[in-house]
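Have a look at the structure below, then the notes.
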Amino acid sequence: MNKFYGTGVAMVTPFNADGKIDYAGLKNLINFLIDGGVEYLVSLGTTGESATLTHEEKTEVWSFTAATVAGRVPLVVGIGGNNTLEITKSLEEFNSSGYDAVLSVSPYYNKPTQEGIYQHYKAVSEASPLPVILYNVPGRTASNITADTTLRLAHDFKNIIAIKEASGDFNQFNKIAKEKPEGFLLISGDDPVTLPMIALGAAGLISVVGNAFPRILSDMVRLCLDGKFREAQPLHYSLLKFTELCFVEGNPAGVKAGLKELGVCGDTLRLPLVNVGQGTLQQIKDEVRNLSN
């Protein structure tokens, strides 16, 4: 699946001050990212605050996003959760026109066993009209998809084509990279470890920080994929401070503050998320100016 090599961005969802979805801001963001050189986009992953959107809002955002992207880059839809029946129904009802894959987060809160995770993704695979990208983020889900479970799913279901790995466990990354079937992609889910993950064999990343600095990040990833790690290092290091600031008070509050400073879209969030504090905000503003020079 060459279309998922490189930099994907898990897009934020812009909101107006009244809390309604800011479609003008979303259009600006989409065009900003495509002009910034990213390879593909993800609509309504966890960075898109999907947990706080209604079913009707999600449907509207997906339709608007597909129409705005208009085939310029591949497009991934985020459909995941901890109610397997609800997720499979959503997949069966989803209008996949304009989309190329599904990113589906591992079930959260329930803390299923590895067999439960396997059976969940088996149901997702069978219901999905599109190829499926697994998403392992134990820091949010409270459970890990082990390397053995990832490999079992990758070997058993042809339409499970990749995993977005955000476990932070390099032993896990190594095992997946070494034993995965041909064509299955290991994708970084953490901006700061993307360079070493590509050195292990990852195909790129699905990024948060790329919302704000798509050009720097996508240039870095392409250099890594070309084996030019020494040339990529300055770009990698240049983003570390901003990346740290993006997560110090939670995602996507930090990157939304950066996007507002860049003039791309506003920084409004939906409760229970709130804006970063003034101290963090000033540091983000300073770093945005530094990176923009």
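Cα gyration tensor of segment 2-230, axes a ≥ b ≥ c as square roots of the eigenvalues: rounded (a/c below 1.5), prolate (a/b > b/c) or oblate?
oblate
For the chain, what is the charge dipole size about the Cα centre, in debye to the nearest 20, if Lys and Arg each add +1 at the Cβ and Asp and Glu each add -1 at the Cβ?
About 320 debye.
Report relative contact order for the chain in percent, whole number only (criteria: Cα-Cα under 8 Å, sequence separation at least 6).
Over the chain, the number comes to 19 percent.
Among LYS164, LYS58, which comes first, second and so on when ranked by fewest other beta-carbon atoms within 10 Å?
Going from least to most buried by this count: LYS58, LYS164.
Round to a whole angstrom and tell me the spacing of the C-alpha centers of segment 200-224 and segment 227-293.
Result: 15 Å between the Cα centres.
How big is the gap, in Å, between the Cα center of segment 164-190 and the Cα center of segment 66-94?
23
Rank these for me by crowding, LYS260, LYS241, LYS89, going from fewest to most other beta carbons within 10 Å.
Fewest-to-most ranking of LYS260, LYS241, LYS89: LYS89, LYS241, LYS260.
Going Cα to Cα from LYS285, which aspartates and glutamates come in below 14 Å? Please leave out same-chain ones fewer than 8 positions away.
Hits, sequence-local ones excluded: GLU244, GLU261, ASP267.
Any read-out appearing in this document is the output of simple, stated calculations on the displayed coordinates, not a laboratory observation. This is a predicted model, so every value here is computed, not measured. For neighbour counting, all protein chains shown are included, and Cβ atoms are generated from backbone atoms with ideal geometry for every residue, glycine included.
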